[in-house]
Amino acid sequence: MTFRECRTAEANIGMKYYFSESDGTGGRLKVSPDDFVVDEISIHPEPADGGKYTIAKVTARNWETNHMVRLMSRQLNMSRERISFAGTKDKRAVTSQLMSFECPPEQLGKLNLKDLNVTDTYTSKRKIQIGDLIGNRFDIRVTGITKPKDEVESIVGEVAAGVKKLGGFPNYFGVQRFGVMRPITHIVGEKIAKGDVEGAVMSYVCDPSVSASQDTKAAEMREKLRNVDEWPELINEMPETMSFEKTMVQYIVDKPGDWTGAIACMPTNLQMMFIHAYQSYLFNLMLSERIARDIPLNRPIVGDVVVPLDADGIPDHDKQVLTTSKNIDMVERQLKLKRAYVTIALFGSDTLLAEGEMGEIERKVISENHIEEKDFVLTSLPHCSSTGSRREIVCPVKDLGYTIGDSTYNVSFSLPKGNYATCLMREFMKSEMTDY
């Protein structure tokens with residue numbers, strides 16, 4: 001299968017190819033939050049009268065998850081660690097998801113945040129944890145289309161047919177993993193893994209935006225913050241959009257030189273995200289190299305590590321199978337039946353690497369990036385440690401549909417958890433990274 005080279009900034013985060021050869025429709029996502037609707041396919045904790053946790057459906061418009069939880073915790077007068085969710089959602093969107101609160105249901109009546117509704121409450125003995133979901137349903141509108149309607153319809157139809165033929169799309173980690181306007185999360189993670197914690201803090205606080213026009217005040221402030229000695233004078237001038245950076249800066253002002261503490265004072269899931277983003281970057285490079293070598297995505301080769309799906313259709317990473325010359329026919333049958341998927345390494349301290357040509361690719365990327373297993377064991381920052389895992393190289397799509405308007409079109413579909421709707425939409429659009 002021929003793949004098309006990506007010539008946008010996405011290539012800088014390892015997303016070097018499109019599987020669809022057609023020209024893109026162009027256009028933009030999320031001009032309005034209402035253009036991007038996400039409904040979580042949730043796993044509901046068992047109801048229990050008088051349970052310790054209140055489970056609730058939270059519908060939010062234009063809310064970044066970590067910021068939303070921070071303000072919720074303030075209004076509820078509780079630690080943010082007592083509020084849990086299964087997965088972070090896109091900020092510029094309308095999202096619905098289950099969350100758990102370590103408090104009685106009536107306490108949620110204190111919540112009064114704009115464009116946020118809490119419904120369907122009940123109590124349970126178990127809280128929601130990261131990963132407690134099956135997937136997400138999406139209804140996405142692309143706007144700003146300048147191509148003729150018949151051409152758009154042809155492109156969208158061709159890409160949709162390609163998705164059906166491949167059985168999904170290349171399962172890159174999307175731009176949201178790294179930051180759309182400021183894709184530096186993986187850079188911070190790399191510095192943490194390689195022991196340059198001061199550099200990690202400085203990158204997070206000071207590295208500029210991709211486009212200063214998006215937030216000129218923040219871009220100008222980052223430039224000023226390059227001089228650590230000026231942080232005490234600048235801290236009160238930092239804009240609200242830099243709330244996490246401000247927390248780091250305040251920590252260093254109070255405890256000069258404690259760079260590790262500045263990372264450790266971040267929310268747990270954000271600390272984890274730094275390292276996960278770096279692992280995601282390495283994965284994207286490995287997937288791009290497989291594509292460049294014209295190795296199939298939906299068929300195994302000897303040396304591939306394959307994982308089966310469980311009863312809920314979720315990959316079971318505890319049952320990894322190495323493809324050999326003896327079992328390759330059986331493995332290929334399982335893939336054709338969509339009961340299993342080929343994977344690529346999410347490299348960490350204890351990751352099973354592939355053999356054969358795919359193993360060669362994984363080891364090549366690891367070597368070229370000068371990273372080792374021990375680098376992911378961080379005793380001073382335990383939330384940044386990671387044993388690693390493996391990830392499917394094709395993301396399956398369910399219920400794919402579309403409607404074409406005069407200057408817009410809508411695409412609806414469902415994806416399993418941990419996958420990126422923008423990675424499907426980029427196949428239709430082929431726009432600049434900042435348009436996602």
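Partner lysines whose Cα lies under 20 Å from the Cα of Lys194, excluding those fewer than 8 positions away in the same chain, are identified as Lys364, Lys374. Between the residues Pro45, Leu322, Ser32, the greatest Cα displacement towards the positive end of the dipole of the chain, with unit charges on the Cβ of Lys, Arg, Asp and Glu, is found for Pro45. The orientation-averaged projected area of the convex hull spanned by the Cα atoms of segment 160-255 comes to 8.3 nm². Within 12 Å, Cβ to Cβ, of Leu353, how many net charges do the neighbouring residues add up to if Lys/Arg are +1 and Asp/Glu are -1? For residues surrounding Leu353, the net value is -3. Loop-located trypsin sites (Lys or Arg not before Pro) in segment 306-411 (DSSP state not H, G, I, E or B) with no more than 10 neighbouring Cβ atoms inside 10 Å: Lys326. Mean projected area of the Cα convex hull of segment 77-124, taken over all directions, amounts to 3.9 nm². For the chain, relative contact order (Cα pairs under 8 Å, six or more residues apart, normalised by length) works out to 21 percent.
Above 20 Å, the calculated P(r) of segment 1-121 contains 54 percent of its Cα-Cα pairs. Put simply, when 413-421, 256-264 are sorted by average Cβ atoms within 10 angstrom per residue, most first, you get 413-421, 256-264.
Dividing the summed helix terms, -39500 (n - 2.57) for each DSSP H run of n ≥ 4, by the number of residues in the chain produces a 222 nm estimate of -9500 deg cm²/dmol to the nearest 500.
Each reported figure results from applying straightforward, stated rules to the coordinates on display, with no laboratory input. Worth saying up front: this structure is predicted, and the values here are computed from it rather than measured. Glycine gets a Cβ as well: all are built from the backbone with ideal geometry, and neighbour counts include every protein chain shown.
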